[in-house]
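Reading through the structure tokens given below for one structure.
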Amino acid sequence: LSLDGRSEAVIGIMDKAKDEAALTVNVLQHVFGIEVYMLTGDNIRTARTVARDVGIPSTNVIADVLPSEKVEYVKRLRAQGEHVGMVGDGVNDSPALAEADVGFAIGSGTQIAIETGGIVLVNSKLTDLLVAIDLAKTIYSRIRLNFLWALGYNTLAIPIAAGVFYPITHTALPPYVAAFSMALSSVSVLASSLSLNRYQPPKYNKYYGRDLRQGQLGIEKIDYVPSSGEQIKIFVRAPTRDGVPEVCMCPPETCECFPCEQHGNILLEGETSSPRFPGCSDAWGGECRCDPCRCVGCVSCAKKKEKLKFEGGTLGTKTPISASKVATSTVKSCCQSKATL
């Protein structure tokens with residue numbers, strides 16, 4: 001904002017993640033043990049900022065991707081033996097929703113995404129994803145219970161009805177008792193299934209504070225109560241910047257920040273960190289789009305470097321090219337390719 005040719009103020013606009021996004025991500029990771037990834041067409045800086053706020057690890061952030069590339073990432077995870085669930089609401093998410101094992105479509109999203117998804121979150125709340133998973137686990141547990149009950153009941157009742165104890169008691173089971181016992185088996189399984197009507201969705205309490213985010217208000221602790229009734233306390237991880245935590249405010253016993261010298265989460269002797277910059281597409285076999293390139297042994301930039309040398313020799317350049325100039329040209333080439341894409 002300028003007044004009389006002088007800059008008086010700077011106004012910045014950024015995406016603010018909803019509180020329910022942070023709640024959902026933390027419950028998925030700490031309660032259900034599900035690894036959460038972010039696939040987005042936004043640039044890496046915006047993606048990492050949003051991921052930091054909601055609690056997604058920076059290594060699981062894949063930015064600057066096209067709809068076809070989202071499908072490729074889903075295929076790669078499935079090829080590794082992972083069961084993939086995709087959550088999306090737009091046209092760009094539809095191919096990945098169809099490719100995933102389970103597609104969760106947001107109710108307020110586009111019609112094509114709703115048609116593609118296997119499960120539709122009608123209320124358009126991410127917390128309904130937790131309800132869907134908890135309900136699925138509850139139903140599956142009830143199916144196993146009914147199966148074990150029916151198997152045990154019939155294993156015990158059928159030999160009795162066949163007269164296995166007749167040589168001892170010299171008494172046969174009356175036909176009407178056998179028929180009643182058979183009906184009782186079906187009725188008991190049916191009653192067990194109907195008890196699902198008393199299902200209560202999971203409940204949660206959010207506790208806000210300003211310690212984790214250096215004065216900014218946000219979720220710091222979650223009390224999650226699933227349908228089983230057991231209360232689970234979740235301490236939100238401290239946000240990180242470029243993979244390095246700021247002043248870590250996590251409780252020592254629950255700190256998962258890495259690296260975190262404050263709580264002893266550091267590399268040991270002989271260990272090495274990931275050679276790729278967190279979120280780089282090169283980790284998935286794509287082209288490196290870091291700006292500037294910060295990946296160790298980057299394959300994409302190495303190819304660009306060889307291409308520059310080849311083009312220099314083809315043009316008949318007699319002036320020798322120094323290594324520093326080649327490295328500078330490589331970085332510029334990465335930046336230009338990113339802008340073009």
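The values are calculated or read from the model by the stated rules, or taken from the named source; none is laboratory data. This is a predicted model, so every value here is computed, not measured. When we count neighbours, we look across all protein chains shown, and the Cβ atoms used for this are built from the backbone with ideal geometry, even at glycine. Remember, those area values only see protein heavy atoms, side chains included, never the ligands or the DNA or RNA. Shrake-Rupley method; radii C 1.70, N 1.55, O 1.52, S 1.80 Å.
Hydrodynamic analysis of region 98-173 uses the Kirkwood radius over alpha carbon pairs. Inserted into Stokes-Einstein at 10 °C and 1.306 mPa s, it gives a translational diffusion coefficient of 97 µm²/s. Taking amide H as placed 1.01 Å from N in the peptide plane, the amide H of VAL87 sits under 5 Å from that of PHE104, each at least 5 places away or on another chain.
Going through the cross-link list LYS16/LYS233; LYS16/LYS75; LYS70/LYS221; LYS137/LYS233, which pairs have a Cα-Cα distance over 28 Å in this structure? Flagged as over cut-off: LYS16/LYS75; LYS70/LYS221.
With a 1.4 Å probe rolled over the protein heavy atoms of all chains, the accessible area of ARG210, ARG6, ARG78, ARG52 falls in the order ARG6, ARG210, ARG78, ARG52, largest first. Accessible surface comparison of HIS30, HIS170, probe 1.4 Å, protein chains only, largest first: the order is HIS170, HIS30.
Largest first, the extents of the alpha carbon coordinates of region 1-158 on the three principal axes equal 95, 31, 30 Å. Each residue of region 39-44 was assigned a 3J(HN,Hα) from its phi angle through the Karplus curve 6.51 cos²θ - 1.76 cosθ + 1.60 (θ = phi - 60°); the sequence is 10, 8, x, 6, 6, 5 Hz, with glycine and proline shown as x.
Distances between placed amide hydrogens fall under 5 Å for GLU220 paired with TYR207, TYR208, GLY209, all partners being 5 or more residues away or on another chain.
Kindly sort MET38, MET182 by accessible area of their heavy atoms, largest first, with the probe set to 1.4 Å.
I get MET182, MET38, largest accessible area first.
Of the whole protein surface, THR116 contributes about 40 Å² of accessible area at a 1.4 Å probe radius. Quick one: net charge around GLN111, please, counting Lys, Arg +1 and Asp, Glu -1 for every other residue with C-beta under 14 Å from its C-beta. Here the count lands on -3. Taking the alpha carbon gyration tensor of region 120-218, multiplying each eigenvalue by 5 and rooting it gives semi-axes of 52, 14, 9 Å, largest first.
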